[in-house]
Amino acid sequence: VIKAYKITHKLGYITGDNHGSNDKMCRFISAALSEFDEPYEWDPIQHRIRCHGHVVNLASQAFLFAKDTEAVDIAITEAEADESNGTGADENLVKRLKRAETTSWRQIGPMGMLHNIQIHIYGSSSRTNAFRDLAGKLLPRDNDTRWNSWFTMMDEALRPPMRQAITIYQSRYPELAADVLSHEDWETIAATRLFLQPFWRVTLETEGDKATLDLTLKSMDFLIKHYERSKSKHAGNPTLSSSIITSWFVFDKYYNLTDATPAYAAALLLHPSRRKAYLTSYWKRDWQVVALKAVTKLWETQYKDRVFTYAASLSTTGIEPDEYDLFEAQPQRDLESTAVKDELQRFIKADPIKIVTTALDWWLQPER
């Protein structure tokens, strides 16, 4: 298809979840391009963008269910082995994280107990109706593969009317005696919800058509700060502290993978509100050096010497612009750039400016 439609030069980056088939597809495309009559070099690793929502999901699931970093390491190794055969997926890793931790929901603590209560509520229509009469609504259901369903369940359960309804409901059913939530259990649920709230916000901010690539590293940097603060805050709570470290372990594995794709850092540097000043403010010095070197190489090898034709719509009269009109419409910055040795360096070293659109929309404006 790429060859038939002559779109080789338009092939950019491929975004997908962590399923091994997506990695395999990129490798196949790269191999096929290298065998064209005019071979085209396309790095399957450099051009692989991972779905950010899946990374956030895995880190959150690790916090909720994984026992420790060793269990996570084993789970990830197993999942990657499956992915090499094109059969792995995020859901498989989630199942391994849970399997490594427990065979009983109750063993994962208050969250598992809340899960058992929810299962009991939905176990029969009479119990479902009885709980609805108490709370005025039902407790949202969690599911196996999406952590945000657990966040939604916790968020609703912690609201005073719902919490009171759960307390009354528990007292009516002897079979729930082992899952009765104490004051300390509710405090743990509240702390869990508080830790996961930033992950919920990042998920909302980085989904949908308006989410641009620059948000990936920016939101990851935000979550790293959150990990650091949370680790310090809960240092005296061994259980919560262990869960935080385990989640951070998973998150770090995927954060480090962004080094292989310079487009992530390039998106930050080319954001008019961030540029190099962002890296200077938020990144360690050695991180800055690696990113700047990779982005500079990307610029110099793939974009710097490209020739782009500027053809803006100059009027609404419908008259075809002549040569003078095209000259007159040339952006002022193009005239200034003749004295600039490197456009990339000029841009990223300039002071950040505030914009009211996405970075992509800003760059698509005719005057750019």
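Here are the numbers:
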quantity	calculated
Hz values of 3J(HN,Hα) by residue in the range 146-152 - Karplus curve (6.51, -1.76, 1.60), Gly and Pro given as x	10, 5, 5, 5, 5, 4, 4
Gained length - residue 167 relative to residue 349, 0.36 nm times residue gap less alpha-carbon distance	59.7 nm
Residue 137/residue 205 FRET efficiency (R0 25 Å; Cβ-Cβ; nearest 0.05)	0.35
3J(HN,Hα) from dihedral phi, the range 120-129, Karplus parametrisation 6.51/-1.76/1.60, rounded to Hz, x for glycine, proline	5, 4, 8, x, 8, 5, 5, 5, 4, 5
Residue-wise HN-Hα coupling along the range 200-205, computed from phi with Karplus coefficients 6.51, -1.76, 1.60 (Hz; x: Gly, Pro)	4, 5, 4, 4, 5, 6
Neighbour-count ranking [beta-carbon atoms within 10 angstrom, fewest first] of 280, 216	280, 216
Ranked 361, 37, criterion: other C-beta atoms within 10 Å, fewest first	37, 361
Gain on full stretching of the segment that runs from residue 368 to residue 257 - 0.36 nm per residue minus C-alpha separation	36.8 nm
Residue 232 versus residue 4: modelled label distance in nm, points set 7 Å from Cα along the beta carbon direction	5.9 nm
Residues 206, 128 arranged by fewest to most Cβ contacts within 10 Å	128, 206
Residue-span extension gain [residue 190 to residue 361] - 0.36 nm each, minus C-alpha spacing	57.6 nm
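Read-outs throughout are calculated quantities, based only on the coordinates presented, and are distinct from any laboratory measurement. Note that the structure is a prediction, hence the values are computed from the model and not measured. We place every Cβ from the backbone using ideal geometry, glycine too, and count neighbours over all the protein chains shown.
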